[in-house]
Amino acid sequence: MSDKKRLFGTFGVRRTANDVLTPEFASRLAACYGTLVKGTVAVGGDTRTSTLMLKQAVTAGLLSSGCDVVDLGILPTPGVQYAVRKYYDGGVMITASHNPPQYNGLKFLDEDGIGIPDEMDIEIERLYFDAEPDRVEFHEIGQLYQNNEVIDEYVDEAVSKVDVDAIREANLKVVVDCGSGAGCFTAPYLIRKLGCDVTTLNSQPDGFFPGRNPEPIEENLQELIHVVKELNADIGLAHDGDADRTICIDENGSFVLGDKTFTLVEKQMLKENNGGTIVTTVATSQAIYDVAEEYNGEVIATAVGDLLVARKLKDENGLFGGEENGGLIFPDFVYGRDAVMTVAKILEIVAKEKKPLSELVAELPVYYASKTKIECPDDEKEFVMASIAEEIQTTTDFKLDLTDGVKILKEDGWVIIRPSGTEPIFRCFSESDSQQKADEMTEWGLGLIKKYKK
Ligand code: MG
């Protein structure tokens, strides 16, 4: 058996809906998962046109393998993760996150609500391709239930974890852009429960995503930026299609980078808890380490992937974690990137600090990043990385971190050369105390790759 995955990516399976990801495919894959779980499985989905079709197929597969199924309706991925951790043995979320409308995907969860580990992905693939899922006899076929309440419980628990009175008193004017995704069912209600004045954009669920592309990057959030400025709002908030990521726009209409949001919340979490363990990936900013040092925190860096961060947070009993793309993880709430807790926490910070968001961001450590990619055939990647590591070790004093690709730590910054798991490319990121130095470091990293690839 090969240990290379045949279907799964880093978190579930994502394909074009009804082309590769057909009902038959989804149903058989769900039956394979159900064969391993043999318990009660929660199923939820985002707002895509293919979601209901795939949810019925997944449900049928699970029931046929003897699992009971609880339908949670349309809700964010972290809403399903929350429900599974509290009540169920497993979960399946039907979503393609930030991808365009023709895509969909299946995210499978373990009993803690964390995406299942690689070994289980491979075992599901083995059942799918080389064996058969368990198809139980007629008297063992599962039962189908509904739970329409868990979504409110999920929002209410996030509200209970912040100082609602302080947020209410601050009288914040908030604009939220749900991108017609799953956040439509949580974000506006959450912000209203926190006592803010809410203006909604794209908050009608629609699988055609008519207002904007579901990926919350700056070019897709121009309307939100415009409305924040026009209304003199305190903050703009945007989610991706399955509402696990959150992006902020400050009161001037400036896009706030994900690692700034991460650092801002990290600082607050460490202050409130007198320190704690922070988990992130090797590709996030040095600012995370600087803040941790100042506020009695300890940072653990994993390879890139939100699942790895979530699992490490659980194993290490960590306080807080995340990635540079606006995915923040609050492990005492959900073991995964969560948007409701992120929004509640950011509004609480703005309210309690009594400062505009732009000022709070300006107080954080400043670093400059440079990101690029370069093509390299998959079968040359190992050789390129080993050669670069060898060259650095034998010819320089720079420190190396080989957690994920090759990260070279210099006095005034770092560069990481990381192979993509899905494409024949290397990603090369660097960070330093000036933009020029960051750009130079990226060029240097690219030079190293070019030197060793054929
Ligand atoms: Mg997402």
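Its alpha carbons give the range 278-363 an Rg and a Dmax of 13.0, 36 Å. Stretched out straight at 0.36 nm per residue, the stretch from Glu375 to Glu137 would grow longer than its current Cα-Cα span by 80.6 nm. Electrostatic tally near Ala438: other residues with Cβ closer than 15 Å to its Cβ, Lys and Arg +1, Asp and Glu -1, net -4.
The alpha carbon radius of gyration of the chain, expressed as a multiple of 2.2 N^0.38 Å, is 0.99. Of the residues Met120, Met385, Met93, the one with the fewest other Cβ atoms within 10 Å heads the list, and the complete ranking is Met120, Met385, Met93.
Given Cα pairs under 8 Å that are at least 6 residues apart, what percent is the relative contact order of the chain? Computed value for the chain: 12 percent relative contact order.
Between Rg and the Kirkwood Rh of the range 86-226, both from Cα atoms, what is the Rg to Rh ratio?
Numbers: Rg = 19.7 Å, Rh = 18.5 Å.
So for the range 86-226, dividing Rg by the Kirkwood Rh gives 1.06.
Counted over the range 194-333 with a bin width of 10 Å, the fraction of Cα pairs per bin, in whole percents, is 12, 37, 31, 18, 2. Per-residue ellipticity at 222 nm from helix content only, as computed over the chain with -39500 (n - 2.57) for each DSSP H run of at least four residues, stands at -12000 deg cm²/dmol.
Across the range 1-88, the fraction of Cα-Cα pairs farther apart than 22 Å, rounded to a whole number, is 25%. Counting every pair of alpha carbons in the range 38-83, the share spaced more than 11 Å apart comes to 64 percent.
Looking at the chain, the DSSP beta bridges with both ends there are about 55 percent antiparallel. Each Cα pair under 8 Å and six or more residues apart adds its sequence gap; the mean of these over the residue count of the range 48-169 is a relative contact order of 35 percent.
Exposure proxy ranking for Arg135, Arg48, Arg14, based on other Cβ atoms within 10 angstrom of each Cβ and starting from the fewest, stands as Arg135, Arg14, Arg48. Candidates Leu347, Ile388, Ser358 compared by Cα position along the dipole of the range 288-414: farthest toward the positive end lies Leu347, with charges placed on Cβ. For Lys453 and Val366, the FRET efficiency from 1/(1 + (r/R0)^6), where r spans their Cβ atoms and R0 equals 41 Å, is about 0.75.
In terms of other Cβ atoms within 10 Å, Cys178, Cys376 run from fewest to most in the order Cys376, Cys178.
A short reminder: the numbers here are calculations on the coordinates, not readings from a lab. Because the structure is a prediction, the values reported are computed rather than measured. Reconstructed Cβ throughout: ideal geometry from the backbone, glycine too, with neighbour counts over all protein chains shown.
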